[in-house]
Amino acid sequence: MFPFIRLIKDVYLAGRQPQFTSLTDTHVSHHICWPQDLDVFLELNNGRALTLYDLGRIAMARRAGLITVLKRERWALTMAGSHVRFRRRIRGFERFTVRSRAVCWDDKFTYIEQSMWKRDGECASHVLYRAAVTDKNGIVAPPRVLTALGQDVVSPPMPDWIANWTRAEATRPWPPMQDS
């Protein structure tokens, strides 16, 4: 089940923090790996990790003013792709932080990176998302979203590692092959 109580807590806490001056500012949230987050090996389940990343993105959107704009414009958020690296285990009852920020955008998507950090300073996982804002007609271009936020519409330069991922994704077949 989606952790709605945690979501409410995180959005409430984000609302008490300073508003972002830029979409590329970093939001830091603090978490505990609870028993309902564990897999059979008593570590953070990989699916739950993505759900906890959801909480970080929604709180980040709150601080950026995006939630207000989404409501006003009747827009929604969607994920168009992700790439995850898991490197260190997060065990039951372990405390960790999630760092969330928009890195750059192109004509359709905003690229968001998030990472989970253990208390000893080690990075446990890192994810890159290709996100979009949508309306009843489809994708809302990031410059239009940024104008609605009252922010600069020019993207920071796209890092090579993100550009490489977008090029690789463009070669991936869709729909995927079906075995007969």
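Every residue in the stretch 138-170 that is of a type in the set (D, E, K, R) and either touching a residue at least 12 places away in the same chain (Cβ under 8 Å) or surrounded by 11 or more Cβ atoms within 10 Å (Cβ to Cβ) (or both), please.
Arg144, Asp152, Glu169
When you go through Gly65, Gly81 one by one, which is the residue that is closer than 20 Å to Asn164 by Cα, in contact with a helix residue (DSSP H, G or I) (Cβ under 8 Å, 6 or more places away or on another chain) and not aromatic (Phe, Trp, Tyr)?
After applying the criteria, what remains is Gly81.
In the list Ile112, Ile139, Ile162, which residue meets the criterion of being aliphatic (A, V, I, L, M), touching a strand residue (DSSP E or B) at 6+ places or on another chain (Cβ under 6 Å) and over 14 Å from Ala102 (Cβ atoms)?
Among Ile112, Ile139, Ile162, only Ile139 is aliphatic (A, V, I, L, M), touching a strand residue (DSSP E or B) at 6+ places or on another chain (Cβ under 6 Å) and over 14 Å from Ala102 (Cβ atoms).
Kindly indicate whether Arg99 is in contact (Cβ under 8 Å) with a residue 40 or more places away in the chain and farther than 21 Å from Arg57 by Cα.
Taking the combined requirement at face value, the residue does not satisfy it.
For the subset of the stretch 4-47 comprising residues that are β-branched (Val, Ile, Thr) and assigned to a helix (DSSP H, G or I), which member is farthest from the chain's Cα centre (by Cα)?
Filtering the stretch 4-47 for residues that are β-branched (Val, Ile, Thr) and assigned to a helix (DSSP H, G or I), the one farthest from the chain's Cα centre (by Cα) comes out as Ile5.
Considering the stretch 8-59 alone, what residues qualify as being in contact with a Lys or Arg (Cβ under 7 Å, 6 or more places away or on another chain) and either among the basic types (Lys, Arg) or within 25 Å of Trp105 (Cα to Cα) (or both)?
Matches in the stretch 8-59: Val11, Ala14, Gly15, Gln17, Gln19, Phe20, Thr24, Asp25, Thr26, His27, Val28, Leu55.
Could you say which residue among Asp106, Asp54 is modelled with pLDDT of 95 or more, of a type in the set (Asp, Glu) and farther than 14 Å from Leu146 by Cα?
Asp54
Out of the stretch 1-47, which residues are closer than 21 Å to Glu113 by Cα, acidic (Asp, Glu) and surrounded by fewer than 18 Cβ atoms within 10 Å (Cβ to Cβ)?
Hit for the stretch 1-47 is Asp25, nothing else.
The values are calculated or read from the model by the stated rules, or taken from the named source; none is laboratory data. Since this is a predicted model, take the numbers as computed values, not measurements. Here Cβ is always computed from backbone atoms with ideal geometry, including for glycine, and neighbour counts include all displayed protein chains.
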